[in-house]
1. Tally time: how many residues in the stretch 153-185 are open to solvent by 30 Å² or more (accessible area, probe 1.4 Å) and of a type outside the set (Lys, Arg)?
2. Applying the selection to the stretch 217-228, what residues are touching a helix residue (DSSP H, G or I) at 6+ places or on another chain (Cβ under 7 Å) and surrounded by fewer than 21 Cβ atoms within 10 Å (Cβ to Cβ)?
3. Return the residues of the stretch 242-278 that are open to solvent by less than 70 Å² (accessible area, probe 1.4 Å) and not in a helix (DSSP H, G or I); say none if nothing qualifies.
4. For the list (1) surrounded by fewer than 14 Cβ atoms within 10 Å (Cβ to Cβ); (2) in contact with a Phe, Trp or Tyr (Cβ under 8 Å, 6 or more places away or on another chain), I need the number of the one condition that Thr140 fails.
5. Would you say Arg196 is open to solvent by 10 Å² or more (accessible area, probe 1.4 Å), modelled with pLDDT under 90, farther than 17 Å from Tyr143 by Cβ and among the basic types (Lys, Arg)?
6. Closer than 26 Å to Ile171 by Cβ, crowded, with 18+ Cβ neighbours inside 10 Å and out of contact with any Pro (no Cβ under 6 Å at 6 or more places or on another chain), is that true of Ala119?
7. Looking only at the stretch 1-53, which residues are open to solvent by 50 Å² or more (accessible area, probe 1.4 Å) and among the aromatic types (Phe, Trp, Tyr)?
8. Among the numbered conditions (1) touching a Ser or Thr at 6+ places or on another chain (Cβ under 7 Å); (2) open to solvent by less than 70 Å² (accessible area, probe 1.4 Å), tell me where Trp207 comes up short.
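The values are calculated or read from the model by the stated rules, or taken from the named source; none is laboratory data. Fair warning: this is a prediction, and the values are worked out from it, not measured in the lab. Neighbour counts are summed over all protein chains in view; Cβ atoms, including those assigned to glycine, are modelled from backbone coordinates with ideal geometry. Please note that ligands, DNA and RNA were not included when accessible areas were found on the heavy atoms of the full protein model with its side chains. Shrake-Rupley method; radii C 1.70, N 1.55, O 1.52, S 1.80 Å.
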Amino acid sequence: MDWLTANKIPVGKTAKTVFDWLKDNAGGFFDALSGLLTHLINAILWVLATPHPLVIVAIAAALTWMLQRNWKLVALVVVGFLFILNQGYWKPTMESLTLVLSACVVCTLVGVPIGIAAAHRPRLYAVLQPILDLMQTLPTFVYLIPAIVFFGIGMVPGLIATVIFVLPAPIRLTHLGVSSTPEPLLEAARAFGATRNQVLWKVELPWAMPQIMAGLNQTIMLSLSMVVIAALVGANGLGVPVVRALNSVNTALGFESGIIIVVVAIILDRMLRRGDKK
């Protein structure tokens, strides 16, 4: 077997060459992207962190009522946020929500148009499928290496790694929703003289909206699962106490911060879950 190992395919060296070339020749693009994402993160963090915590709780309760029309879910959301306040994790929670919401904005702006294009072009989706599989199956720690190389340490590389991991969900679900639009419905729209854009906005997107919203829900849940990994590259939030607890073998701190992450996940899931309206 020596002949096989002696002729190793240079996968790692090729990747390093590509990353070095991008760093040397596309530095301006990455700097501009970093600045744009920094402004997005700072804006969302300002909205969440500036008001009094009880104001955010009230807004979350009102939003839950608008989406679900269920007072039990409203009470659950309020109790969850009050528990976070009681444990003293309000600021890290808002920082983690900033990362989650930023990932949602980026994934929606990028993933939904790509999903629509893939639904209209089967060959494009055939090309995208292995790329999406790679994005979801490649260990997330691998994303952190080029993120640090291109964007340094902080919230931005954490956001980039989160987006790479999460982006396949909205692409796949948008593609599923648009491509599953019934053909008789499309034929009826075309028979009445609808243009391609009218068919998209008035037929395909309304039909695909449940799948698109499911993609948004998955984006939020998957983004929240990345907060601990993002903390390894300097992103603030609930991942920081988890990493600190791991480094110091602090069981109390680890369980506290872990339970808070679970509570946040439950709150977001109950707020956005479809089909719970009464």
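1. Residues in the stretch 153-185 being open to solvent by 30 Å² or more (accessible area, probe 1.4 Å) and of a type outside the set (Lys, Arg): 14 in total.
2. Within the stretch 217-228, Asn217, Gln218, Met221, Leu222 meet the criteria.
3. Passing the criteria: Asn250, Asp276.
4. Among (1) surrounded by fewer than 14 Cβ atoms within 10 Å (Cβ to Cβ); (2) in contact with a Phe, Trp or Tyr (Cβ under 8 Å, 6 or more places away or on another chain), the lone unmet condition for Thr140 is (1).
5. Taking the combined requirement at face value, the residue satisfies it.
6. Here the answer is yes, as Ala119 does meet what is asked.
7. Result: Trp3, Phe19, Trp21, Phe29, Trp46.
8. Among (1) touching a Ser or Thr at 6+ places or on another chain (Cβ under 7 Å); (2) open to solvent by less than 70 Å² (accessible area, probe 1.4 Å), Trp207 violates only (2).
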